[in-house]
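Written out below as structure tokens is the structure these notes cover.
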Amino acid sequence: MSAVSFLAIQALGLVPSIVCFTSLQSGSRLRILRLQMVCSVLWACHYGLLGAYTAVLTNGVGLFRAVLCYHNDKPWTKSRGWVALLLLTWDGLYCLLPCLSMACTTLALWTHNMPRTRLLFLLNSPPLLAYNLITGAYSCALVEVCALISFAVAIYRFDLRGKKARLPQR
């Protein structure tokens, strides 16, 4: 792989990463879900070019998951059989990292409780950061650090700052 190709692939991984960690700043569950769908497609392309096929499949599952969560008020979305799709992505023990991240994100997108959504997004970042470093997705690893910061800022802005104002003064 040439240096130019490598840099182009890393740049392709930056776009959905930036969109993802800024999406939490919106506070809208449906907007987050729509942006997650776009990110899943772009990440699948990025990881496919790197040859990280577990991540391609995981992002395919992520796209499907976002569609399910977008329509989670419909009966067909509540089947437990959807969890079996995670088994398609197995390529070794390190594959547990994106699966753990995917589980946190799935719970985050499913719930209508925005504080819980933001907390679960924060928890999904460390395993994905490790996976990105292992697979050579360095631009995504760098952005995952930024995502951690963005998720922490969103938690502070929407969940902690308001509570601090409501605490009784001594």
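Things worth noting here:
- Qualifying positions in the range 29-48 - in contact (Cβ under 8 Å) with a residue 40 or more places away in the chain and open to solvent by less than 40 Å² (accessible area, probe 1.4 Å): R29, I32, L33, Q36, W43, H46, Y47
- Among (1) assigned to a loop (DSSP other than H, G, I, E, B); (2) open to solvent by less than 50 Å² (accessible area, probe 1.4 Å) - the single one D73 does not satisfy: (2)
- Residue check for L133: without any contact (Cβ under 8 Å) to a residue 12 or more places away in the chain, closer than 19 Å to W43 by Cα and in a helix (DSSP H, G or I): yes
- Candidates T117, T135: the one that is modelled with pLDDT of 80 or more and either of a type in the set (D, E) or closer than 19 Å to R34 by Cβ (or both) is T117.
- Of all residues in the range 49-64 being hydroxyl-bearing (S, T, Y) and more than 12 Å from the chain's Cα centre (by Cα), the one that is most open to solvent (accessible area, probe 1.4 Å): Y53
- The one condition in (1) over 22 Å from V143 (Cβ atoms); (2) surrounded by 18 or more Cβ atoms within 10 Å (Cβ to Cβ) that V67 fails to fulfil: (2)
- The residues of the range 67-94 that are modelled with pLDDT of 80 or more and under 18 Å from P127 (Cα atoms), listed by number, are L93, Y94.
- Members of the range 109-144 found to be closer than 16 Å to G51 by Cβ, buried (at least 20 other Cβ atoms within 10 Å of the Cβ) and of a type in the set (F, W, Y), listed by number: Y131
- Exclusive hit being out of contact with any helix residue (DSSP H, G or I) (no Cβ under 8 Å at 6 or more places or on another chain) and either at pLDDT below 90 or buried (at least 16 other Cβ atoms within 10 Å of the Cβ) (or both), set S26, S2: S2
The values are calculated or read from the model by the stated rules, or taken from the named source; none is laboratory data. All of these numbers come straight from a predicted model, not from anything done at the bench. Reconstructed Cβ throughout: ideal geometry from the backbone, glycine too, with neighbour counts over all protein chains shown. Note: accessible area is taken over every heavy atom of the protein model, side chains too, but ligands, DNA and RNA are not part of it. Shrake-Rupley method; radii C 1.70, N 1.55, O 1.52, S 1.80 Å.
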